[in-house]
Amino acid sequence: MSKLMPASAIGTPFERLDGELKVRGTAPYAYEQPVENPVHLYPVLSTIARGRVERVETAEAEALDGVLTILTAETTPRLADSSDRELAVLQDTSVGYRGQIVAAVLAETPETAREAAAAVQVTYTEEPFTAQLHGDDPALYAPEELNAGTPTDSSQGDFDGAFDTAALRIDATYSTPPEHNNPLEPHVTVAQWDGTVMTLWDSTQGVHAVRGTLAQVLGLEEEQVRVIAPHVGGGFGSKGMPHVQVVMAALAAQVTDGRPVKFPVSRQQMYTLTSHRTPTIQHVRLGAADDGRLTAMSLDILEHTSRIKEFAEQTPAPFRMMYASPNRRTTTRLTPLDIPVPSWMRAPGECPGMFGPEVAMDELAAAAGLDPIELRRRNEPEVDPETGNPFSSRHLLECFDLGAERFGWENRVARPRSVQEDGWLVGMGTASAVYPFMRQPANTARIRYEQDGVYSVQIGASDIGTGSWTALTQIAADALRVPVDRIRLGIGDTRFPTASVAGGSSGTASWGGTIIAAARAFREDHGEHPSPGAQTEAQPPEDPEAADLALYSFGAHFAEVRIHADTGEIRVPRMLGVFSAGRIINPRTARSQFLGAMTMGLGMALHEQGVLDPRFGIFVNSDLAEYHIPTNADVLDMEALWIEDRDEHAGPLGARGIGEIGIVGSPAAIANAAYNASGTRIRDLPLTPDKFLT
Amino acid sequence: MIPFDYHRAEDAASAVALVSGTPGAAFLAGGTNLVDRMKLGVAQPTLLVDISRLPLDTVDVQEDGRVRIGTNVRNADLAANTVIRSRYPALSQALLAGASGQLRNLATTGGNLLQRTRCVYFQNPTTPCNKREPGTGCSAVEGYTRYHAILGASEDCVATHPSDMAVALAALDAAVVVMGPAGERVLPVSDLHRLPGNEPQKDTVLDHGELITAVELPPAPARSAYRKVRDRAAYAFALVSVAAALELDDDDAAVPVIRDVRIALGGVAHKPWRALQAEAVLRGAAATEDNFRSAADAELRHAETLNGNGFKVPMVRNTLAAVLRDLTGTAGPDASAPGTDHPEGPSGPDDAGWEK
């Protein structure tokens, strides 16, 4: 018998339950939450990259009508724990990056707060700083470990010996620039302190994560922190951990006699206050036999981090498990810079880590005279090459086969720069996608029978625009074996039981698995005909079997690229992603997530680039006019498909998560298509027109 | 935001008088650029004189074939105007290549001409900028220069003028009608904006309080076109752009001869750059690829590139050739023909594998 829960509502393309609220503009986001008599906060940001604040002159600003107070390092309430220097706002006078908060104005109106902030005069003692990633920087170091517990370095077999004697060798360096998450809704926190409880209306991917961190830094019991986030306008990782604006708002709320404090971060301020994706330099070496079978592979990665807080991305992770080869090695080194703190951005690790290697595979295919799909077929591992664990479900080649058929891959001309239409050079490319299955254990769901067949299902999950309101309702309906209209879902509030962050593509599996466990417990406790008020809370069971398996989702990206022979302009008229991600809960919202991630991959390939000016230590293109993401005119024929994939090992839900895999590999597919179109191999993102000029 | 006064103008003359007499005053039209600068702290007018409701919003064809465009005609309306689309395609194309649909609905003709550079250092009040704060230095010259000038810049400023429309107007030999306290004057669009020199804070030759009331187009050229090269398909400033207007001696000749031509370049200078050197090479010359490229080279001979924008030289050359090719019906080279490709395998073309 299948371990998967039978599906009824699951698999049905329900419209978003919150769609009408959003279309009508009545879904309350953090800033719109109705609060009484708010105080408005506007920060003063440092204009040096490293040093110390000597003096903050506030008299002129304080004299403005409507200014309540100006918080500085001298006047700001103390934190109980200031060990995290990203969050330790106004706890001392040190400056760790340009754009750091060095004072904050509280005023009766946002306009007054902003005007007063401009009138605050700050004098500094500057210290020398560095704000540029160099491959030969002596400060490069090996972090203790990478995110998600990934070992910093890895080595199996004899890479050097095997590479030196390989018949085919690829030895190239690739790079990806800093990128910014740029969710549509900027970060915002509204904080209110009643003397006992700190209430935070926050734009966050995880209300309990915010509660945990804030309780710790503020020195409060977790019960004294309430976090509310029913609707969130995107996060892409930048709202996965609380950033400084949450702490700033909470500290300010302690000096306003109970009045709530609103701190909306502006788009420009997001480029320093709410994280970015580290740039990467990726040295890839592939050795292969004449038939294309890999004999040696290595990946050496350089990235930056901030001096005040380490962030070490797990960039080599996919390289270690993707293809079979007996001799393999990876290293990761970081250089600490006096810059804003990097953090998670959609598929941290996997996304940049599948750029260089997947372009290198395309280069190897050309060197071997093989179709790129055939090259991957020949290097398909039988088990996870690093751990030896069997894959629970690996359908990479089925994704390529279906994609090739649907995309018309057979029409690709292998020889580059062979196809021209109306002055445009046309080409096709492909690349693999992968993302690990993660389920977070720290989840609890509460189910309560109301009356008339209606069940309340509560868990502090987040809907960051992905469709969680809808998908979790479908899961709850099937778990309780009732129609979806009998489910009253409650999410986005720490009043509900503990839930993990909407991150790592783990939300639906983690929260949904917990709801299923709670529904089973509820039926065991109360049967099929419960009395009104019957209630059960439960956590998901352990899954010891999964520890001995390699659980991953896979995918294949296809792209057609056109490059103008005169101007170098590059367009992507067609993209197709085919995914194997376990059970799909809601085909409508799933397709949106796949397409959204592929669009972000398109942006990474062609547009996105945070320009870090090393003379100042700031990202100079800090708005959506200068920091480019795709416009509607850039997103043409794009489609996402998935194959039937019943994973018996990914819990009773059997869904491995879909939030991130769509961005993984898509930039490489576009870069490979650009090479096929133009004959120019670009190894440094983004692929801008100047790089294709002849 | 810094507080400011607001006055809605009753007529152009009183608006001019008010702004002329108030040192901190500025005209407000569509507001799509000025209001941004105010929010960023780049502009701090003490008084906004709103001229957007003055009835200077018609496109009138004169008896002599000239076309007069009121300063308040919205970019979207001008782009859609039948006369403009049919007789001055370069202008319509340039307008539609600019900004976004929402912005074009608000932005006006005069305001478009007077928008200021989007140089990232100009727009960030915490970095030095001679244009924003004279004497503080230029952050761009050794900084992020992707959108910066290769022609006519100075060591004090390497900013570019961001307008697409102005580039087309320069190639169309348009004029601006300006009202000042002392009356009206008319000057060519090409003379409206200035090069930065050592006074980059001055974008144009207008005095404080002078108001553009109209743009005048001469009778239409036989052929015109605008081509913009940018980093994404919409809502991006030009890396380079080319506007060209020309007449051929014999439209039906196998290799026609160019009787007259006007070319303007965008994204390369502090002003719409009339390519007079290129025009001189082309006037009276046969419409051939070689001549197009010679013309481009003549214009680009004095280009001075910065670390980070050297690509603009080949980009202008190629784009200019492409525009002239399209306008004259000249066939281009086969981009994928043998000899023009450079497929590179990991160890060079011979090793690339695809011939196997």
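The values are calculated or read from the model by the stated rules, or taken from the named source; none is laboratory data. Everything numeric here is computed off the predicted structure, so don't read it as measured data. Every residue, glycine as well, gets a Cβ built from its backbone with ideal geometry; the counts of neighbours run over all protein chains shown.
Values computed for the structure shown
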| read-out | value |
| --- | --- |
| Residues (more than 7 Å from chain B (Cβ to nearest Cβ) and either touching a Cys at 6+ places or on another chain (Cβ under 8 Å) or assigned to a strand (DSSP E or B) (or both)) located in segment A:421-435 | A:Glu421, A:Trp424, A:Val426, A:Gly427, A:Met428, A:Gly429, A:Thr430, A:Ala431, A:Ser432, A:Ala433, A:Val434, A:Tyr435 |
| Exclusive hit being more than 14 Å from chain B (Cβ to nearest Cβ) and in contact with a Phe, Trp or Tyr (Cβ under 6 Å, 6 or more places away or on another chain), set A:Asn181, A:Asn147 | A:Asn181 |
| Residues located in segment B:222-242, provided they are surrounded by 23 or more Cβ atoms within 10 Å (Cβ to Cβ), more than 10 Å from every other protein chain (Cβ to nearest Cβ) and part of a loop (DSSP other than H, G, I, E, B) | B:Ala238 |
| Members of segment A:435-461 found to be surrounded by fewer than 21 Cβ atoms within 10 Å (Cβ to Cβ) and modelled with pLDDT under 95, listed by number | A:Met438, A:Gln440, A:Pro441, A:Ala442 |
| Flag for B:Thr145 being touching a residue at least 40 places away in the same chain (Cβ under 8 Å), away from every other protein chain (no Cβ under 13 Å) and among the hydroxyl-bearing types (Ser, Thr, Tyr) | no |
| Only listed residue being at pLDDT 95 or above and surrounded by 15 or more Cβ atoms within 10 Å (Cβ to Cβ), chosen from B:Ala280, B:Ala245 | B:Ala245 |
| Yes/no for A:His208 being out of contact with any strand residue (DSSP E or B) (no Cβ under 7 Å at 6 or more places or on another chain) and within 25 Å of A:Glu108 (Cα to Cα) | no |
| Residues (within 14 Å of chain B (Cβ to nearest Cβ) and either surrounded by 23 or more Cβ atoms within 10 Å (Cβ to Cβ) or of a type in the set (D, E, K, R) (or both)) located in segment A:565-599 | A:Ala565, A:Asp566, A:Thr567, A:Gly568, A:Glu569, A:Ile570, A:Arg571, A:Val572 |
| Selection from segment B:191-205 of residues that are buried (at least 20 other Cβ atoms within 10 Å of the Cβ) and closer than 13 Å to B:Leu113 by Cα | B:Leu192, B:His193, B:Asp203 |
| Test: residue in segment A:633-656 that is more than 10 Å from chain B (Cβ to nearest Cβ), in a loop (DSSP other than H, G, I, E, B) and under 25 Å from A:Leu184 (Cα atoms) | no |
| Subset of segment A:334-381 (residues that are charged (D, E, K, R), closer than 22 Å to A:Val664 by Cα and away from every other protein chain (no Cβ under 14 Å)) | A:Arg346, A:Glu350, A:Glu358, A:Arg376, A:Arg377, A:Arg378, A:Glu380 |
| 3 or more residues aliphatic (A, V, I, L, M) and over 22 Å from A:Arg588 (Cβ atoms): qualifying strands (runs of 3 or more DSSP E) within segment A:444-521 | none |
| Conditions (1) surrounded by fewer than 17 Cβ atoms within 10 Å (Cβ to Cβ); (2) closer than 30 Å to A:Pro138 by Cβ; number of the one not met by A:Thr387 | (2) |
| Failed item, numbered, when B:Leu327 is tested on (1) under 18 Å from the mean Cα position of the chain (by Cα); (2) under 30 Å from A:Asn632 (Cβ atoms); (3) of a type in the set (A, V, I, L, M, F, W, C) | (1) |
| Single unsatisfied condition, A:Leu146 versus (1) closer than 30 Å to A:Pro77 by Cα; (2) crowded, with 21+ Cβ neighbours inside 10 Å | (1) |
| Single residue of segment A:657-694 satisfying the filter (in a loop (DSSP other than H, G, I, E, B), among the β-branched types (Val, Ile, Thr) and buried (at least 24 other Cβ atoms within 10 Å of the Cβ)) that is farthest from the other protein chains (Cβ to nearest Cβ) | A:Ile658 |
| Where a residue in segment A:398-420 is closer than 19 Å to A:Ala365 by Cα and within 14 Å of another protein chain (Cβ to nearest Cβ) and its partner, wherever it lies, is assigned to a helix (DSSP H, G or I) and of a type in the set (Ser, Thr, Tyr), with Cβ under 7 Å and at least six apart | A:Pro416/A:Tyr675; A:Pro416/A:Ser678; A:Arg417/A:Ser678 |
| Which listed residue, of A:Arg85, A:Arg98, A:Arg114, is within 14 Å of chain B (Cβ to nearest Cβ), of a type in the set (Lys, Arg) and within 29 Å of the chain's Cα centre (by Cα) | A:Arg98 |
| Subset of segment B:153-174 [closer than 29 Å to B:Arg66 by Cβ and in contact with a Lys or Arg (Cβ under 9 Å, 6 or more places away or on another chain)] | B:His161, B:Pro162, B:Asp164, B:Ala166, B:Val167, B:Ala170, B:Ala171, B:Leu172, B:Asp173 |
